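Below is one structure, written out as structure tokens, with a few remarks after it.
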Amino acid sequence: MTYLQFLAIFLLPPLIGVLAVTRYTLRQPDRPRRPYDVGLRILALLLLVAWVWTTPWDSWIIRVGVWTYPEGGVVATLARVPLEEYLFMAGQTCLAGLWTLWQTSRVDALEPAVSNGTLRRIAGAVAWSVAAMVGAFVAVTNSHGLYLGSMLMWFGPLLAVQCAVGADLLRMRRAVRLRTLVPVVAYLWVADRIAIAAGTWHISADYTSGISILGLPLEEALFFAVTSLLIVNSLVLATHPALPARLRTFVPKKIVRQ
């Protein structure tokens, strides 16, 4: 199975599904406005961020040999990354993003007041920062930890920033996040497992822990969980009604007065 065939079989159908749900929801006269009015703009930005942030890391792990694809299995490459991989980045972002917005639009607007949550925000930011540093150390010192370590090093700082901004807001909407993450990540795990078995791509045993879940390498499972979590967190934060006031606390008072 080529990478393009994989996209057509496993990514295109759920994308059509979430697009249909989005179109139906947007046509409802009584739909909540904020999740989509704000969220769709943020989702467009996330598409760009996914390409800009992920491509250097993706290119590097391909160069090292962490994951490879068979000759003739992709249409073309850009910076070593298959063009299909760029489509997959965009597809995963839209799939997780649109599903998040639909789940968020069903949340009761009359939520409990947001507590300060400073300690939770600090703890979350520190935890992911430490994970990124540990990941960097593991990637440098242990070849079998290269995939996992570099992943934590590359994506951990983004999760740390999200926690610093709104770990308490994310906890408040943990039910929405779970309802979004569980089906999306589980589906991507199944699709990835089938792709590996079909030879669409290969994960090197030299740079992974050797731990697998029903044949799916642990690192692959964590990759889809972490990247989907970044998408979901971004949109949950962006559409939360408490975020504008929260962001104003990060802006110096002199700038606000001007």
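Name the residues of the stretch 88-109 whose amide N is less than 13 Å from a point 7 angstrom out from the Cα of residue 75 along the C-beta direction? Those under the cut-off are 88.
Label zone of residue 15 (point 7 Å out along Cα→Cβ, amide N under 13 Å): in the stretch 222-237 this covers no residue at all. Distance between the 7 Å Cα→Cβ label points at residue 202 and residue 126: 4.5 nm.
In the stretch 41-105, which GluC sites (Glu not before Pro) fall in coil by DSSP and have 12 or fewer other Cβ atoms within 10 Å?
Values: sites: 71, 84, 85; in loops: 71.
Sites meeting the loop and neighbour criteria: 71.
Using 0.36 nm per residue and subtracting the Cα-Cα separation, the extra length available between residue 137 and residue 4 on full extension is 44.3 nm.
Ordering 240, 144 from the fewest to the most neighbouring beta carbons within 10 Å gives 144, 240. Using Cα atoms only, what is the angle between the long axis of helix 118-141 and the major principal axis of the chain, expressed in degrees (0 to 90) to the nearest 10? Its long axis makes an angle of about 10 degrees. Here the Gaussian network model covers the chain, with springs between Cα atoms less than 10 Å apart; of 27, 179, 121, 27 fluctuates the most. Charging the Cβ of each Asp and Glu at -1 and of each Lys and Arg at +1, and nothing else, the dipole of the chain about its Cα centre rounds to 1420 debye.
How much length would be gained if the chain were fully extended between residue 161 and residue 247, taking 0.36 nm per residue of separation minus their Cα-Cα distance, in nm to one decimal?
29.7 nm
Going from the residue with the fewest nearby Cβ atoms within 10 Å to the one with the most, 16, 122 rank 16, 122. Using only the alpha-carbon atoms, how far is helix 83-105 inclined from the longest principal axis of the chain? Give it as 0 to 90 degrees, nearest 10. That works out to roughly 30 degrees.
Across the chain, Cα pairs under 8 Å and at least six residues apart give a relative contact order of 26 percent. Largest mean-square fluctuation among 230, 40, 95, in a Gaussian network model of the chain whose springs join Cα atoms under 10 Å apart, belongs to 40. Here's the picture: charge each Lys and Arg Cβ at +1 and each Asp and Glu Cβ at -1 in the chain, and of 148, 104, 46 the one pushed furthest to the positive end of that dipole is 104.
The stretch between residue 34 and residue 190, if pulled fully straight at 0.36 nm per residue, gains 52.9 nm over its current Cα-Cα span.
We did not get these values from a lab; they are worked out from the coordinates using the rules stated. Since the structure is predicted, the reported quantities are computational estimates derived from the model, not experimental observations. A quick note on method: Cβ atoms are made from the backbone with ideal geometry, for glycine too, and the neighbour counts reach across all protein chains shown.
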